[in-house]
Structure formats: structure tokens, C-alpha cells
Amino acid sequence: MLAGGCHGTQHPAPQPPKPRPQPKLSFRALDAEQQRLVGHYQPVSRALTGYELAYRDWRLGELGARGLAPHARSLARIVDRSLARVRKDPATGTDATAKALLVTALEARRRALALPPASDSYRREWNRSVVDARRALTILQDIRDRARLIPLPEDAVS
């Protein structure tokens, strides 16, 4: 026995709207957009050396009674400021992908700094932040290579 229905009707499925083409930025505008993103991330990269030295000393037991906490708080404040600035930065096209990775990296770094530094979750979040930051830099460098712009410094994002 067959049930009645719409067998055989050919109603086309509604088509999703076509995405609007992204505006093509001039080389100068592309450079400015990327320099702004990297410039707002860069304070974290600069502060990492001091934090990583303190982390190493903490792991070796050489940091003393203060511990790692003051260094983590200081870096967390810098991460928070950079995160707020990067989130506000406009980004178009593939730069938007790099920006999203920078935001993800900063969020992971902030989560790591709130965790006990000897924990597996700290290492997982910290490593995630490093990987995402490097992926963002790679995307930006690839864009710059295709546009024949001067490369960003390798230590601009770490």
C-alpha cells in the first residue's frame, strides 16, 4: 500500500544567497591592516621572554618565595589588553582568518595563565596558544608573499 504525498513534484530547494565579494584592499591598506593586527599582538610577544625565563627558573626551583604568580599576573594583564585591541581591529578576507587565530591564541594563553603552571591543562592551553599564533603569522606571511610586501618580523607573533 502506498501513502499519498508529493511524490514526483519537482520543487527546487531554495538557494543560499551568494556571498558578497570581499573588497580588494590596496597594498597599502592590506599592509596597514596587518601591521595593526601584529602591532596589537606584539606586546605579548615582547613580554613572553621575561615570563618564559621566570617559568624556567620556577621549574628549576630557583625563583624563590615569590613564585611564578606575579609574572603570570603581569603577562595576563598584557594579554588582556592585546586581546581587547585585536578583537577591535578590522580585518577583511584572509586577514579575518588570521585575526580569528590571534584571538584564539590570546584566549588560550589567558586561560593557561589562570591555571596551575604544573598542570596538564596549563600545558595544553599554552601549546594551543603557540600553535594558533604561529598559524596566524604563517597566514599573514603567505598573504604578504603573494602581495610582494615586506615580511613581518618572525618574532612579531610568538
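Read-outs: derived from the displayed coordinates by stated rules, not from any lab. Because the structure is a prediction, the values reported are computed rather than measured. Cβ sites come from the backbone with ideal geometry, for glycine too, and all protein chains shown count toward neighbours.
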Prolate/oblate/rounded label for region 27-156 (Cα gyration tensor, a/c 1.5): prolate
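Kindly state, to the nearest 0.05, the FRET efficiency for residue 52 paired with residue 96, given R0 = 25 Å and r defined as their beta-carbon distance.
Details: r = 30 Å, r/R0 = 1.19.
Efficiency for this residue pair is about 0.25.
Assuming R0 = 25 Å, what is the FRET efficiency of residue 81 and residue 121, from their Cβ-Cβ distance, to the nearest 0.05? Numbers along the way, then the final one.
Values: r = 24 Å, r/R0 = 0.96.
That gives a FRET efficiency of 0.55.
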Please work out how much length the chain gains when fully extended from residue 66 to residue 147, using 0.36 nm per residue of separation minus the C-alpha to C-alpha distance, in nm with one decimal. 24.3 nm
